[in-house]
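Worksheet for the structure shown next.
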Amino acid sequence: MKAKKLIVGMAVFSFAALLLGGCGSDNNSADSSSTNETTSQSSTVASSTATSESEATVVAGAPMQDGTYKLEEKNYKNDYRVSFEITVVDGKITESKYDNINADGESKTENTEYNETMKEKAGISPEEFIPKFNEE
């Protein structure tokens, strides 16, 4: 009987030690100091970009480089794939060409049956929203 109480007591003690040890805080000072450095660096970057209004706003990474950038989706989803092209001049997007293309190379804006069905179901059709994507 004493042996059984001893084994149960040891098991309860071990379980309690594991439970309390797992819930303890990690006092790793290197992690917290690097987090503080990252926070101060990001706030410095944010304030330096906010003071310069004449330049294009950099959201993430480096400023945009001049050129034409093209994205062509390989896979078709619902019989269409995305085709997107932007032109950057002086760090700003000057032209945007977004479209959804089918296997025959036709734009979703040209499919009248699809446009009518989507207009009924969603209240707007690709014929209306795709040109708006390119304007904004």
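Only one residue in 17, 50 is more than 24 Å from the chain's Cα centre (by Cα) and either at pLDDT 70 or above or more than 30 Å from residue 126 (Cα to Cα) (or both), so which one is that?
Going through 17, 50 in turn, just one is more than 24 Å from the chain's Cα centre (by Cα) and either at pLDDT 70 or above or more than 30 Å from residue 126 (Cα to Cα) (or both): 17.
Which residue is nearest to residue 132 (Cα to Cα), if the candidates are limited to segment 95-120 and must be among the β-branched types (Val, Ile, Thr) and surrounded by 11 or more Cβ atoms within 10 Å (Cβ to Cβ)? Please lay out each step first, then the result.
First, pick out the residues of segment 95-120 that are among the β-branched types (Val, Ile, Thr): 101, 109, 112, 117.
Then drop every residue that is not surrounded by 11 or more Cβ atoms within 10 Å (Cβ to Cβ), which leaves 101, 109, 117.
Details: 101: 17, 109: 12, 117: 19 Å.
Looking at the filtered set, the residue picked out is 109.
Could you list all residues from segment 101-117 that are part of a helix (DSSP H, G or I) and within 22 Å of residue 73 (Cα to Cα)?
Listed by number, the residues that qualify are 108, 109, 110, 114, 115.
If residue 90 passes every condition in (1) on the phi < 0 side of the Ramachandran plot; (2) at pLDDT 85 or above but one, which one does it miss?
(1)
Pairs please, first residue from segment 94-120 and of a type in the set (Phe, Trp, Tyr), second anywhere and not in a helix (DSSP H, G or I), Cβ atoms under 7 Å, 6+ apart in sequence or on different chains.
98/84
Quick check on segment 81-96. Is at least one of its residues farther than 25 Å from residue 60 by Cα and within 26 Å of the chain's Cα centre (by Cα)?
Keep residues of segment 81-96 that are farther than 25 Å from residue 60 by Cα, which gives 81.
Filter once more, keeping what is within 26 Å of the chain's Cα centre (by Cα): 81.
Among the residues of segment 81-96, at least one is farther than 25 Å from residue 60 by Cα and within 26 Å of the chain's Cα centre (by Cα), which makes the answer yes.
The values are calculated or read from the model by the stated rules, or taken from the named source; none is laboratory data. The model shown is predicted, which means the values in this text are computed figures rather than measured ones. As a convention, Cβ positions derive from the backbone with ideal geometry for all residues, glycine included, and neighbour counts pool all protein chains shown.
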